[in-house]
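Here the structure is laid out as structure tokens; the discussion comes afterwards.
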Amino acid sequence: MHFVCADLTAFTAYVPALYAVSGYDNIKLPQIKGVTWETNLKAPVFGAPDAKKGGTYKDYLQDFPLTFRLFGPESSSGGFVAYNRAYAFMSLIDRHPVTFELIPELATHWAVMPDRKTVYYRLDTDARWSDGKKITADDYVYLMTFMLSEYIQSPYHNQYYKDTFEKIEKISPEVIKVVLKKPSWQALDDTNLFPLPRHAAKPDKNWVQNYQWKQMPVPGPYVISDFKKGSSVTFSRIKNWWGDKKYYMQFKYNFDTLHLKVIRTENTAFTAFKKGEIDIFSPEPVKWARESDFRETNQGYILKRKIRRMVFDGAAGIFFNSQDAVWSDANLRKAFAHVFDFDTMNRNFMFSLYARRQTFFSAIPPYSNPGVKSYPFDLKKAEELLDTAGWKRTGNSPFRQKDGQELLLTLNYGGERYDQELPYLKETAKKAGINLELKKLDSPALFKSATEKSYTAIILRFGGGLYPAPRQFFETKSVAKQSNNLTMYGSEEMDKLIDTYEYNLEEQKRVQAYNRIEQINHEQALTVQFWNVPDSLIMHWRYIKGPEQFSTISGLNSDYLWFDAEEEKQMKQNMKSNKPMNKPPVDFNPHPTKKQLWGSHLTETPADDFVLFCAGRDVTPISPADEELLPYDILTNLAHLAGLEKISALTGLHQIYRLYTENCFRLDPLKEDVHTNIEHYLTDTLAIKAGKKLHTARSRNDQVSCDMRMYVRDRAVSHAGLYTLSAGDADNTRTLGVVLGIRILRDAEALFYTVCSFNLCPLGAAAAFGSAWNPNREYTAGLLGFDAPQENSLDVITGRGEFELRVSHDIGVACNRFAVMSQDLIMLSHPYFRFIRLPDRYTSGSSIMPHKKNPDFAELIRGKASVVHGISVALSGLQKGVMSGYNRDSQFSKPLIMDLFREVQAVPVILNKAIRESVVNKPVMAERASSGFINAADFADLLTVKLNIGFRDAYNITAQAVKYSEADRLTPEGVARALSENGADLSKHPELLALLNEPLQVVEKKTHTGAPSATAVNASAGKLKEKLTHVSKRLGAFQRAYQEKLNALLPPV
């Protein structure tokens, strides 16, 4: 077990004990060459352990579904789709509702192959269709056949499966192999398929009609059991459903029936809710603010909840049809965006409960902050844009005209939720001279206009996910009817960006592509972003219960709710007597984030590790030095007693170790140190007589030296491991990353060399002169994972602190690298330069200056480098001026080296994360690269070749050109004059002109080892990865070797 060493390959989080229910016992995984199976049963189960099964959940739909089919015409319309797909589209794997980790669903295990195209899934052999038949690999293979069929009349699915999947292959009845056509950074998400029942889903020319009101067998817990056309749909739970005993599903799907009643308007639905005909209602802000206080809520029969959530909403707002004859002009669309007065609408109509969307997608970092902001309300700017577009005010008409045509925008929308905001938008548009015609449609008509693209502009909302999905909205192929490309916009650049985002394996390039997609949408003003709801506004009858948090981190999920019959009975009794019931607080944040006194202008909450890194020891208590040494002293004693064959004392030490692992062993300061505390516990508390022989053949001098040697070895090896991880990840930033990676790799090798040089056991040296007992030092050294005993006993004691000193020097050199890189980041991100943008979650604000964005982590890393050098000087000072043998001065080496490791432990991790999430501002860098005579030296080199002259002559000509160039760059005029004075003609050397016009091209011509061109940098990165792999393997092997020895000494815990 790892009792103190940090794992070199991962940072493990707290993992709760598994529930008694697993559902994944006794699984025999098939052996497939090259396949390493993975699963996840370590995330905490979300749900209410006291949830009861039974009862009916009553909800409403605003329209009766147009079909029960899952594919084909009209299959994506209305609120019914969410229910229908939830139980028919169970996937191979799922996302945890709080942590977003991948967890099993229809597959128990998975394996992504190195090519990032091929994924294996081991299916859950317990899974069954609703008709009782087993779900097998054949049902996934058949999915491909089904989706490519013309009979399902779904061009989107036909094209998507054709473009995305190479094949879906059956390896065995319980194993499938899915192969993508292109490598994917999210291979598991892209291959996370649902099955289709091969025995029931038979598409033919009549399939669309035959399945209009017929449901295929589903893998989920509910099936459609009854429906009344135009009135209601009822789902019933499958008895003894196969998923009931699965780990992550045990507290889900609790209702026996789900009854969905068609109620056309929100006002009518609210009335039905207050009568108890609906169990839960999510009101719009107006209703929440004005109409949510009535008898049932005041008495606690209906509970109100305002629950904070993370926003992963899909696209929402006004979508312009960019193919429209008039509104194809981007200036018109920008003008309309400037008349959208969100702040006033939010304040007057939505009670400031909403937040403005800034981007098309709302997703998780790093795809959440592309630097794009919605166009602000600005009537003056709108007027200027309309004038530029040629739409002028004429006569007494309030609306602008062009070529005798009035500026008209017809806006299609549905439902009642915009009935207050849109009339106000109509008035603000009129002030700018735009005639906004509001066209309210019912859901089927709105859906039909969207699919047929028969609109000038339309208001719609889409479901969202963790990651943006730009292809369906912006791909050129989708500029057609029956697609989600509502803006009807496509371009070659956009298509390339979508491909880069979806298929490039380098995160930074994907982020850059995604940011550019958002920028194009902004530049073209294809959409007017609406708003997000940062809180879930929920009202529910109190007999509807849920988990303690009630809502998941991204919003309410009714699958985790349940019906409490006893609570309903008690509530009805209280209602008869008008007796109030207790009410929980309305405002609730089940997943709180850090609330800072600063930085409200930043778009992301500070990362936990960043906050702790900045807080440091200001708020973090520091353990006494000997508490840090406790596990090592136990090991030293175990090895020593094993050599002495004192079995009873060994048992006592095992007991002490168990107390240590339970955090129950406390050091008594009056017993001076850890060694004395352990000895007293053995002899006094446990009454083990052999404990009195603990000091036989040794001194506290060699004992503490051995403890410290193991402590420093563990920390140093783990720290070197962090260097290799950081160096490998730093490659994501290419040029700067490769430079940092190469230097850090040297530091990792140097630190590892020092550790290996001192992997010698001090135990047995006693007080510096050995022991008359002649202990077998080779034996105890082996038990503790050392290569051999340290040869000279006097050297062991006199040299105490030398290992610490050398390690501090090695780490100090590495900290210099980190400090240099930190200073680079500070300068490059400074508002004056703007070469890079640091991630908001790794920066802080100012407590007095609202605009500031501080690179605190980088400044602290610089400071920590100085702290490390100070510790190194202190350790060096302890070594001088002392006599050979034991000196009490050396005691200070303990807290000094421990302080050093505390200060530097997180440095490579924080720096690595900050670099990975930073965004390069290429346009600014390109602009600066063309100024400051940056190409002067290269120009001189080129002159020596083209004019066949010496470098000094070329140097002087270039210097003259610099003098003659008026701008801060070499100009053709300045160069021509300098050349003319030296008997040369610029016009005869077009390659010189090319260099002046494209100063960066010379970079790509430098292909030698270590050069800054892409070719050379990629070559260096390849070499770096090879070296990193080698060093990482050596570190891992070394650590595993001595840990195995130490683990053999420890009792099972």
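Worth pointing out:
- Just the protein heavy atoms count here, and of the accessible area of region 246-353 at 1.4 Å, carbon and sulfur take up 42 percent.
- Of LYS239/LYS306; LYS42/LYS239; LYS167/LYS214; LYS381/LYS430; LYS134/LYS261, those spanning more than 26 Å from alpha-carbon to alpha-carbon: LYS239/LYS306; LYS42/LYS239; LYS167/LYS214; LYS134/LYS261
- Within region 424-464: backbone nitrogen closer than 18 Å to the GLN212 label point (7 Å, Cα to C-beta): 444-445, 448
- Taking a ≥ b ≥ c as the square roots of the eigenvalues of the Cα gyration tensor, an a/c ratio of 1.5 or more together with a/b no larger than b/c marks region 161-256 as oblate.
- Computed E for ASP293/LYS380 - FRET, C-beta separation, R0 41 angstrom, nearest 0.05: 0.50
- Charge dipole of the chain about the Cα centre (unit charges at C-beta), most positive-ward option of ALA457, THR257, ALA625: THR257
- A Förster radius of 30 Å combined with the Cβ-Cβ distance from LYS569 to SER225 puts the calculated FRET efficiency at roughly 0.70.
- Kirkwood Rh in Å, taken over region 243-305 so that all alpha-carbon pairs contribute: 14.0
- The figure for GLU523 is an accessible area of roughly 80 square angstrom, using a 1.4 Å probe on the protein chains alone.
- Calculated SAXS-style log₁₀ I(q)/I(0) at q = 0.14, 0.15 Å⁻¹ - region 786-856, Debye, Cα scatterers: -0.64, -0.67
- Here region 388-530 is assigned +1 on the Cβ of each Lys and Arg and -1 on the Cβ of each Asp and Glu. Its dipole about the Cα centre then comes out at about 500 debye.
- Approximate spin-label separation PHE100-LYS182, in nm, with each point projected 7 Å along Cα-to-Cβ: 2.3
- Separation of region 38-85 and region 981-1053, taken as the distance between their Cα centroids, equals 50 angstrom.
- In sequence order, region 454-464 has phi-based couplings of 9, 7, 8, 8, 8, 9, 9, 10, 10, x, x Hz under the Karplus curve 6.51 cos²θ - 1.76 cosθ + 1.60, θ = phi - 60°, and Gly or Pro positions carry x.
- Loop-located chymotrypsin sites (Phe, Trp or Tyr not before Pro) in region 750-815, at most 15 other Cβ atoms within 10 Å (DSSP): PHE769, TRP773
- Cleavage-rule hits (trypsin sites (Lys or Arg not before Pro)) in region 142-244: DSSP loop, at most 15 neighbouring Cβ within 10 angstrom: LYS181, LYS205, LYS214, LYS229, LYS239
- Note on LYS430 and PHE833: their simple-model spin labels are 5.4 nm apart, each label 7 Å out from Cα toward Cβ.
- Two-site FRET efficiency, GLN159 against ARG356, from Cβ-Cβ distance with R₀ of 35 Å, rounded to 0.05: 0.50
- To put it simply, the accessible area of region 897-978 at a 1.4 Å probe is 51 percent carbon and sulfur.
- Local electrostatic count, ALA111, Cβ distance below 9 Å [Lys/Arg +1, Asp/Glu -1]: 0
- Exposure ranking of GLU166, GLU627 by accessible area [1.4 Å probe, largest first]: GLU166, GLU627
- For region 439-575, the direction-averaged projected area of the alpha-carbon convex hull comes to 12.7 nm².
- Cα gyration tensor category, rounded, prolate or oblate, for the chain with a/c compared to 1.5: oblate
- Enclosed volume per residue, in Å³, of the convex hull spanned by Cα atoms of region 944-1008: 96
- The Kirkwood hydrodynamic radius of region 291-334, based on inverse pair distances between different Cα atoms, is 15.2 Å.
- Histogram of C-alpha separations across region 920-1053, 10 Å bin width, %: 11, 29, 20, 12, 9, 8, 6, 4, 1
- Cα shape, region 81-182, gyration tensor, a/c 1.5 rule: rounded
- Region 404-426 and region 268-294 have Cα centres separated by 26 Å.
- Each of PRO365, ASN321, HIS338 was scored by the projection of its Cα onto the charge dipole of region 311-378, and the greatest displacement toward the positive side belongs to PRO365; charges sit on the C-beta of Lys, Arg, Asp and Glu.
- Sulfur and carbon atoms: percent of accessible area, region 414-486 [1.4 Å]: 49
- Contour minus Cα-Cα distance for LYS880 and GLN905 (0.36 nm per residue): 6.2 nm
- Options PHE786, ILE238, THR1029, ranked by Cα towards positive dipole end of the chain, top entry (Cβ charges): ILE238
- Here the Karplus relation 6.51 cos²θ - 1.76 cosθ + 1.60, evaluated at θ = phi - 60°, turns the backbone of region 88-96 into coupling constants of 9, 9, 4, 9, 5, 9, 10, 9, 4 Hz, with x for every Gly and Pro.
- The charge dipole of region 148-216, taken about its Cα centre with unit charges on the Cβ of Lys, Arg, Asp and Glu (plus for the first two, minus for the last two), comes to roughly 200 debye.
- Once the 1.4 Å probe is applied to the protein heavy atoms, the chain comes out at 46 Å² accessible per residue.
- Where labels lie 7 Å past Cα in the beta-carbon direction, separation of HIS199 and VAL611 in nm: 5.3
- Point-charge dipole on Cβ atoms (K/R +1, D/E -1) for the chain, about Cα centre, debye to 20: 1840
- Table column - 3J(HN,Hα) (Hz), region 115-122, Karplus curve with 6.51, -1.76, 1.60, x for Gly and Pro: 6, 6, 10, 9, 9, 9, 10, 9
The values are calculated or read from the model by the stated rules, or taken from the named source; none is laboratory data. Computed from a predicted structure; not experimentally measured. Ideal geometry is used to build each Cβ from the backbone, glycine not excepted, and the neighbour counts take in all protein chains shown. Calculation scope for accessible area: heavy atoms of the full protein, side chains included, ligands and nucleic acids excluded. Shrake-Rupley method; radii C 1.70, N 1.55, O 1.52, S 1.80 Å.
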